[in-house]
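These notes are about the structure you will find just below.
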Amino acid sequence: MKTNFKRVAGKGFSLLLMISAIFIFISANRSRSDGLTLSKSGKSLYSIVLPDLPTAVESTAAKELKKYLDEITGAGFAIVNESDANNTRPQIVVGNSRRTKTLLPEVDAAKLPYDGIVIETVGKNIILTGHPVRGTLYAVNTFLEDVAGVRWWTSTESFVPKNRKLTVPPLHVRYAPQLIYREAFYKDAFHDEMFASRMKCNGDFAKISTGYGDYHKFQYFVHSFYPILPPATYFDSHPEWYSLVDGKRTFQHAQLCLSNEEMRRQFITNALATLHENPDAGFISISQNDCHGACRCEQCQAIVREEGSEAGPLIRFVNSVAEAIEKDFPDVWVETLAYQYTRKAPLKVKPRNNVVVRLCSIECSFSQPLGEGEQNTSFREDMEAWSKIADHLFVWNYVTNFSSYMLPQPNIHTLADDIRFFVRNNTIGLFEQGDVYCDAGDFVRMRNWVVSRLMWNPELNENQLIDEFLTGYYGEKAAPYLRKYWDLLTVACRESGVYLRCYMHVTDGWLSVPAYAEAAGLMKQALDVTKDETLRNRLRREEIPLKYVLLLENERFKTYEKETGSLPLTLPEPEQALNEFMALLKEFNVTMCWEDFSENPHHLPRLEQTLRSKLFPEQK
């Protein structure tokens, strides 16, 4: 199923979202309940009512609702079609049915904002519905979380309360997310469609099935110049179609000659062909290769001078391709990048209405919010300039450390501000690139949970989200120490003034030896007060980054001791510490420790060799 939101994302959409993207408590001239008893003593009078011909999403939503309400209350909730329902008995009405229209005549699901939800109590009835693509499932998941108290921490770990008497307060909720495309690129969300759906993510990588709401399908996710116009096919006969660099036409670490009209015609032909072969695509990426090498020919550079940016020839080219695509595929978005050398907005040309520009924050410092602070001034200015000429932007944001997934990366304090900054500047799609390949990164489960919720609703309080996850996932006793741990790392990073990039090899620029010792002490206290084996194992996994720092940067701890005459911690015996650390990685199934797209990204032998050279330099 093609997931299309283009029809609701025109110029008036920002205002519509501003209105709808808050909880609205509606007063209407109908009887509203003061509170409903959904179950009592493990029994319920309620049935779950579906349309006679439910969509796949509505059927999934009803099954999810029944599964968890049964588990919470001990009651057995029947699912019935509306033609078989007894309308004199209280109902939980799921989906866009005739019964929904009778109880909520003012709600037209087809006109709701994309991914919008409606949760209403009318008399003794509860209505859970939403936008036709996946809104009903999101409404059910929101009800289970916010009303019933369910928490899905990870794809395999959750909290389901036991409450034989479940009461429901008056509910009058209309909500739609401002970010229409939401992708948290973490392993859990990447590999489990059910969990991704529960986190309300809908991006291309999760590959969510129709029953769980489908996903936004890309034809080429990024860097598509050569996949669409492969040099192996065209360069020998048409070298002029590719970049002129240092006086020579080349395709090595280069781009296309975007001013070449003959190239543009062939490119359009190929792009249309690939869309005809993939009719379910909602997006096609028309974007530069993952390198520099822009064309330096006079025609391309004349456009650059006129537009004040290399984005000038890019957007002119993409607009031309998008115009041709729109004739055959009016509902397909044409996506391109504002990345590295094209990040600066052009002075004159504006993206067409079917073009979405995705800014990339790869050069930024993540110790400061992107929307403020001196370190990210250029990105902030670029984004604000793009938002003035484009009604809808995407952002590719980097929320991990690609050089070493397991090193501490204290950027969680900036994530909420960054998302709000994006939304203020016309962003409708967000790809938060986490460490999808690592099982034991720096608190990746908490990051995924917090980021996903903030993408759904940027106005949520990030500190409350962090506290809730720490308490719910690691336990009430450990949570205060973990909160102090995170506050300590955050302050150390912020006060150091470090330029915290997404490629960091060590922590010596911001994590002092005394701060490390204090952080290690807090983690030890969290472990000491935790007796439950499951919770202890979760903490042991989160201790991996600290153990890694001690091994990787062992020499600076020794140097500190020599220079100060003391050390605020005891260094472990090197051989034993290394063996225990490698065993820990194997226990938690860590195989990929840094970004690597080789055919065999099993990093443990290389990692052990690196750490051994750090611990025993005399053996080199």
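Only protein atoms count toward the accessible area here, which uses a 1.4 Å probe; on the range 302-404, the carbon and sulfur part of that area reaches 45 percent. The alpha carbon centroids of the range 401-433 and the range 179-220 are separated by 18 Å.
Surface exposure of the chain, expressed per residue as accessible area with a 1.4 Å probe, stands at 41 Å².
Report in % the part of the accessible area of the range 405-538 that belongs to carbon and sulfur, leaving out ligands and nucleic acids; probe 1.4 Å. With neighbouring chains kept in place, the figure for the range 405-538 is 48 percent.
FRET efficiency for the pair ARG536 and ASN278, taken as 1/(1 + (r/R0)^6) with r the Cβ-Cβ distance and R0 = 60 Å, rounds to 0.80. Of the residues ASP382, ASP280, ranked by 1.4 Å probe accessible area with the largest first, the sequence reads ASP280, ASP382. With all protein chains in place and ligands, DNA and RNA left out, the 1.4 Å accessible area ranks LYS66, LYS124 as LYS124, LYS66, largest first. Stretched out straight at 0.36 nm per residue, the stretch from LYS350 to ARG606 would grow longer than its current Cα-Cα span by 87.4 nm.
Other residues with beta-carbon under 12 Å from the beta-carbon of SER243 carry, at +1 per Lys or Arg and -1 per Asp or Glu, a net charge of 0.
Fully extending the segment from ARG296 to ASN579 would add 96.6 nm, taking 0.36 nm per residue of separation and subtracting the current Cα-Cα distance.
Considering only VAL173, HIS191, ALA324, the residue lying farthest towards the positive end of the dipole of the chain is VAL173, judged by Cα position with unit charges set on Cβ. Each label was represented as a point 7 Å from its Cα along the Cα-to-Cβ direction; for ASP84 and GLU384 these points are 6.0 nm apart.
Each of (1) -0.38, -0.66, -1.27; (2) -0.59, -0.85, -1.16; (3) -0.55, -0.81, -1.16 is a candidate for log10 I(q)/I(0) by the Debye sum over Cα atoms at q = 0.06, 0.08, 0.12 Å⁻¹; the one calculated from this structure is (1). When the charge dipole of the chain is built from unit charges on Cβ atoms (+1 for Lys and Arg, -1 for Asp and Glu) and taken about the Cα centre, the candidate among GLN91, VAL491, ILE117 whose Cα reaches farthest toward its positive end is GLN91.
Counting only Cβ charges, +1 for Lys and Arg and -1 for Asp and Glu, the dipole size of the range 159-311 around its Cα centre is about 1160 debye. In this structure, the pairs whose alpha-carbon distance is over 27 Å, taken from LYS187/LYS558; LYS162/LYS217; LYS63/LYS111, are LYS187/LYS558; LYS162/LYS217. With a cut-off of 12 Å on the backbone N, the residues of the range 60-88 near the modelled label site 7 Å out from THR102 along Cα-Cβ are 82-88. When nucleic acids and ligands are ignored and a 1.4 Å probe is applied, MET446 ends up with an accessible area of around 0 Å². Positive-end ranking of VAL399, TYR212, GLY509 along the dipole of the chain, with charges on Cβ about the Cα centre, is headed by TYR212. The range 93-149 and the range 325-380 have Cα centres lying 34 Å from one another. FRET efficiency for the pair LYS562 and ASN589, taken as 1/(1 + (r/R0)^6) with r the Cβ-Cβ distance and R0 = 60 Å, rounds to 0.95. Protein-only accessible surface at a 1.4 angstrom probe places the residues GLU277, GLU262 in the order GLU277, GLU262, largest first.
Computed over neighbours whose Cβ is under 14 Å from that of ARG296, the net charge equals -1, Lys and Arg +1, Asp and Glu -1.
Dipole check for the chain: with +1 at the C-beta of Lys and Arg, -1 at the C-beta of Asp and Glu, and the Cα centre as origin, the magnitude is about 1800 Debye. Considering only DSSP beta bridges with both partners in the chain, what is the antiparallel share in %, to the nearest 5? Percentage antiparallel, nearest 5: 35. As a fraction of the 1.4 Å probe accessible area of the range 78-196, surface on carbon and sulfur atoms comes out at 51 percent.
The values are calculated or read from the model by the stated rules, or taken from the named source; none is laboratory data. Only a predicted model underlies this, so the values are computations on that prediction, with no experimental measurement involved. Neighbour counts are summed over all protein chains in view; Cβ atoms, including those assigned to glycine, are modelled from backbone coordinates with ideal geometry. Heads up: the accessible areas ignore ligands, DNA and RNA and are worked out on the full protein's heavy atoms, side chains in. Shrake-Rupley method; radii C 1.70, N 1.55, O 1.52, S 1.80 Å.
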